[in-house]
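Trainee: Got a structure here, written out as structure tokens. Questions coming.
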Amino acid sequence: MSQEQECRKIIQNYLDQLTKTGLTLGKSKLKVFEKYASPEVFEVLKSFNLDASDDADRPVPEALEAARGENGSIRVPSSGGETYLMKEIGGEWRIADIELPCNCAVDEDSPGAGKCFVCGGSGKDGDEECAVCKGTGVCVECNGKLVVSLAQTMARHEEEHEHGEESESDGHTHEPDEPYESIGEFMKDCLGDEKPSAITKGVASFVWEMDGVYRAYCDGMQGLYEKYFDTDAIPYPDILFPLYERPVMSEPDPNPEEATSEVHEVAVAEEEFLLTANAAGKGKVVITELQVPCEWESHPGLQPHDEPLPCDCMDEKGVPDESCRACHGTGIVVCPICLGMGWMEIAPNPVTDEIIEDVERYRTLVPELYDIDNDLVPPSPFTP
């Protein structure tokens with residue numbers, strides 16, 4: 001077997017294990033949800049295909065034909081678009097760098113490929129020189145080459161971290177959190193000395209089991225890094241691989257719709273949830289509703305957590321235009337997905353395009369949420 005063939009085989013093994021590790025995460029998370037969620041919630045989550053059980057036609061990452069590179073390296077491209085640069089370290093071939101497609105080159109034929117994302121290649125920002133590319137018009141990440149080096153990117157991040165240009169408040173600590181030693185330590189750190197209810201204990205158990213799944217995933221990715229990468233050339237690539245974060249659980253809010261129910265905000269396994277949990281007897285709980293942060297970004301001036309904006313359609317007396325398609329006659333402009341609450345339901349009743357486009361939903365709920373005098377909201381011109 002030639003060295004090129006050997007390197008290609010190594011990368012194929014790496015890609016196979018990388019895929020398997022990701023699929024194991026999805027399957028394990030689904031098992032935890034099956035244990036704690038109601039059948040209605042679980043069926044919806046199962047339809048999201050977290051375990052890839054319906055991906056019979058899912059593309060399988062493939063290492064392509066390798067070729068000699070510079071300084072004794074061997075280049076192994078993959079079907080995913082990245083190229084692995086292999087070097088022999090202590091008698092073993094290791095990944096010394098990965099060339100990744102630049103964000104400017106999602107499509108090589110796109111007008112923005114290789115160009116500065118701010119000025120679009122003109123070198124100008126209005127009448128001034130573009131402050132990002134310094135007038136070159138070239139993408140500052142790839143210098144117009146359409147690919148970026150993982151090793152160089154990580155080295156730059158390490159240098160920024162050492163010089164204090166990134167801080168913990170920015171979420172760039174570059175170090176994994178230390179896992180909690182016990183569920184008791186986790187609950188005390190998040191909830192203090194208050195005696196938790198049975199429902200709260202049940203939700204904490206859910207978070208703790210999900211965190212165990214996530215810790216196993218992070219350990220698996222750490223193992224792949226140590227096995228396949230030249231760890232001297234590339235620090236742990238936290239821009240590609242997960243960096244373990246401790247779970248977070250806030251104090252519960254009572255559910256106004258049901259006495260034996262609580263609403264909890266939790267963050268675990270790289271996800272945030274606003275979940276409603278009901279008592280299920282014998283110290284158990286069942287999750288009856290699941291929401292995730294709304295990430296609506298199609299409107300550059302309106303983000304999910306912004307304050308609601310008064311609509312420009314209102315006259316001098318504050319009466320909105322009944323035919324306005326921005327506020328639908330309410331006088332208030334908010335995110336049409338989460339209605340400004342910052343969360344959107346994914347189970348058991350996920351927010352669909354049909355729901356988002358339902359004018360009556362907006363006209364009914366927005367006045368209630370923001371205490372608008374319904375007398376000022378005229379009848380809908382969009383409803384027969």
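Trainee: Put one equal scatterer on each alpha carbon of the stretch 187-327, apply the Debye formula with no solvent term, and list log10 I(q)/I(0) at q = 0.13 1/Å to two decimals.
Mentor: Reported log10 I(q)/I(0), two decimals: -0.80.
Trainee: If you project the alpha carbons of the chain onto their three principal axes, what span does each projection cover, largest first, in Å?
Mentor: The Cα atoms of the chain stretch 78, 66, 46 Å along their principal axes.
Trainee: What FRET efficiency, computed as 1/(1 + (r/R0)^6) with R0 = 56 Å and r the Cβ-Cβ distance, is obtained for residue 360 and residue 185, rounded to the nearest 0.05? The partial results should precede the final answer.
Mentor: Details: r = 48 Å, r/R0 = 0.87.
Here the calculated transfer efficiency is 0.70.
Trainee: Tabulate in residue order the Karplus-calculated ³J(HN,Hα) for the stretch 225-240, using 6.51 cos²θ - 1.76 cosθ + 1.60 with θ = phi - 60°, rounded to whole Hz; enter x for Gly and Pro.
Mentor: With coefficients 6.51, -1.76 and 1.60, one gets 4, 5, 7, 10, 9, 7, 5, 7, 8, 10, x, 3, x, 6, 8, 10 Hz.
Trainee: Okay, moving on. What is the extension gain from residue 216 to residue 319, computed as 0.36 nm multiplied by their sequence separation minus the C-alpha to C-alpha distance, in nm to one decimal? Please list the in-between numbers first.
Mentor: Details: separation 103, 0.36 × 103 = 37.08 nm, distance 5.67 nm.
Working it through step by step, the gained length comes to 31.4 nm.
Trainee: Here is a follow-up. For the chain, the longest stretch holding no GluC sites (Glu not before Pro) located in a DSSP loop with at most 13 other Cβ atoms within 10 Å is which?
Mentor: Values: sites that count: 65, 108, 165, 181, 194, 257, 258, 270, 295, 297, 316, 357.
Between the exposed loop sites, the longest stretch runs 1-64.
Trainee: For the stretch 215-259, what is the convex hull (Cα atoms) projected area averaged across all directions, in square nanometres? Provide the component values of the computation, followed by the final result.
Mentor: Details: hull surface 20.7 nm².
Averaged projected hull area, Cα only: 5.2 nm².
Trainee: I need the calculated FRET efficiency for the pair residue 6 and residue 70, taking r as the beta carbon distance and R₀ as 22 Å, to the nearest 0.05. Kindly include the intermediate steps, with their values, before the conclusion.
Mentor: Numbers: r = 19 Å, r/R0 = 0.85.
Plugging the Cβ-Cβ distance into 1/(1 + (r/R0)^6) gives 0.75.
Trainee: Once amide H atoms are built 1.01 Å from N in the peptide plane, which residues 5 or more positions from residue 147, or in another chain, come under 5 Å H to H?
Mentor: Excluding prolines and chain starts, which carry no amide H, the hits are 102.
Trainee: Using 0.36 nm per residue of separation minus the Cα-Cα distance, give me the extension gain between residue 309 and residue 60 in nm, one decimal. Before the final figure, lay out each step's value.
Mentor: Working: separation 249, 0.36 × 249 = 89.64 nm, distance 4.65 nm.
Using 0.36 nm per residue and subtracting the Cα-Cα distance, I get 85.0 nm.
Trainee: Right, here's the next one. What is the spread of the Cα atoms of the stretch 221-297 along each of their three principal axes, largest first, in whole Å?
Mentor: 57, 38, 18
Trainee: Modelling each spin label as a point 7 Å along the Cα-to-Cβ direction, I'd like the residue 16/residue 231 distance in nm, to one decimal.
Mentor: Going from the residue 16 label point to the residue 231 one covers 2.4 nm.
Trainee: For residue 103 and residue 34 in one chain, what is 0.36 nm times their gap in residues minus the Cα-Cα distance, to one decimal in nm?
Mentor: Between residue 103 and residue 34, full extension yields an extra 21.2 nm.
Trainee: Taking a label point 7 Å from the Cα of residue 267 along the Cα→Cβ vector, which residues of the stretch 218-246 have an amide N closer than 11 Å to it?
Mentor: Only 245-246 pass the distance filter.
Trainee: Next question, about the same structure. In percent, how large is the relative contact order of the stretch 193-271, given Cα pairs closer than 8 Å and 6 or more residues apart?
Mentor: Values: 62 pairs, mean separation 27.6, N = 79.
The normalised contact order for the stretch 193-271 reaches 35 percent.
Trainee: Something else: Taking N as the number of residues in the stretch 303-370, what value does Rg over Cα atoms divided by 2.2 N^0.38 Å take? Could you put the intermediate results ahead of the total?
Mentor: Values: Rg = 12.3 Å, N = 68, 2.2 N^0.38 = 10.9 Å.
Relative to the 2.2 N^0.38 Å estimate, the stretch 303-370 comes out at 1.13.
Values in this text are rule-based calculations from the coordinates and carry no lab data. Fair warning: this is a prediction, and the values are worked out from it, not measured in the lab. Cβ sites come from the backbone with ideal geometry, for glycine too, and all protein chains shown count toward neighbours.
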